[in-house]
Amino acid sequence: MKRFNIRILSFFLTISFFLTCSFSILAQEKRNDTKNYDFTKNWKFGGGLGLGFGSGYTDIMIAPSAIYQFTPYVSAGIGLQGSYIKSKDRGYYYNAIKEYDSWIYGGSLIVLSNPIPQLQLSAELEQLRVNNSYTYKDLTKRDDNFWNTALFLGIGYVNGPVTIGIRYNVLYREKDMVYGSGFMPFVRMYF
């Protein structure tokens with residue numbers, strides 16, 4: 001499994017490096033006219049919202065982000081994320097848990113590369129603080145608080161301001177209990 005992760009990471013990093021270098025060289029050919037340069041026109045804002053409700057289950061997530069478009073091919077930015085999950089009597093750990101609460105918050109750095117207008121490659125480094133609280137059927141309580149780091153490498157199809165794709169967390173470990181899988185689909189919007 002570790003060998004597979006290293007191969008994927010090496011592939012994406014190599015492709016991203018060559019694309020970034022080649023687009024930087026292309027960007028050098030443009031004339032630098034600082035007199036008419038508008039710094040604000042290259043910023044894009046977006047993010048995600050998530051809501052999930054069910055019988056004894058609530059999941060609310062908000063994740064705003066901003067990127068700066070350096071060239072038509074490369075952009076980078078930052079993001080924030082906050083989420084709250086509450087679950088009651090859902091059968092975790094063989095029905096031992098009566099209630100589960102989780103607050104997750106943190107930030108991320110993101111780099112996007114568009115080698116062609118319809119294709120987007122991404123790398124996102126995410127650092128989250130996870131605060132889990134468990135109440136067991138015998139009414140004992142336990143808190144589990146930790147930091148989780150994720151490095152997502154992704155590929156997506158771009159249509160206007162929307163990108164739909166899949167990303168893989170190369171640092172994924174099942175025992176972290178933050179994400180259910182290393183692979184995650186995504187929808188990304190920037191305006």
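The values are calculated or read from the model by the stated rules, or taken from the named source; none is laboratory data. Quick caveat: nothing in here was measured; it's all calculated off a predicted structure. Cβ coordinates were reconstructed from backbone atoms using ideal geometry, including for glycine residues, and neighbour counts include every protein chain displayed.
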Study note, to complete from the structure: Scanning the range 178-191 for residues that are in contact (Cβ under 8 Å) with a residue 40 or more places away in the chain, aliphatic (A, V, I, L, M) and part of a strand (DSSP E or B) gives VAL187, MET189
**Study point:** Considering residues of the range 21-50 that are among the charged types (D, E, K, R) and outside any strand (DSSP E or B) only, the residue modelled with the lowest pLDDT
**Key:** GLU29
Review point. Restricting the range 165-177 to residues that are in a strand (DSSP E or B) and touching a residue at least 24 places away in the same chain (Cβ under 8 Å), which is surrounded by the most Cβ atoms within 10 Å (Cβ to Cβ)?
Key: ARG167
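Mind checking which residues of the range 150-178 are more than 11 Å from the chain's Cα centre (by Cα), within 14 Å of LEU128 (Cα to Cα) and not acidic (Asp, Glu)?
LEU171, TYR172, MET177, VAL178
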Point to revise | Some residue of the range 51-60 being in contact (Cβ under 8 Å) with a residue 24 or more places away in the chain, within 18 Å of the chain's Cα centre (by Cα), closer than 28 Å to LEU139 by Cα and part of a strand (DSSP E or B) | key: yes
Check your understanding: (1) at pLDDT 95 or above; (2) of a type in the set (Phe, Trp, Tyr); (3) farther than 16 Å from THR58 by Cβ: which one isn't true of TYR93, the others all being true?
Key -> (1)
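Given the criteria over 30 Å from GLN69 (Cβ atoms), in contact with an Asp or Glu (Cβ under 9 Å, 6 or more places away or on another chain) and modelled with pLDDT under 95, does THR135 qualify?
yes
Per-residue answers, yes or no, for (1) under 19 Å from PRO64 (Cα atoms); (2) modelled with pLDDT under 95:
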{"residue": "PRO115", "(1), (2)": "no, no"}
{"residue": "ALA123", "(1), (2)": "yes, no"}
{"residue": "ARG129", "(1), (2)": "yes, no"}
{"residue": "THR140", "(1), (2)": "no, yes"}
{"residue": "PHE152", "(1), (2)": "yes, no"}
{"residue": "ASN159", "(1), (2)": "no, no"}
{"residue": "TYR168", "(1), (2)": "no, no"}
{"residue": "ASP176", "(1), (2)": "no, yes"}
{"residue": "MET184", "(1), (2)": "yes, yes"}
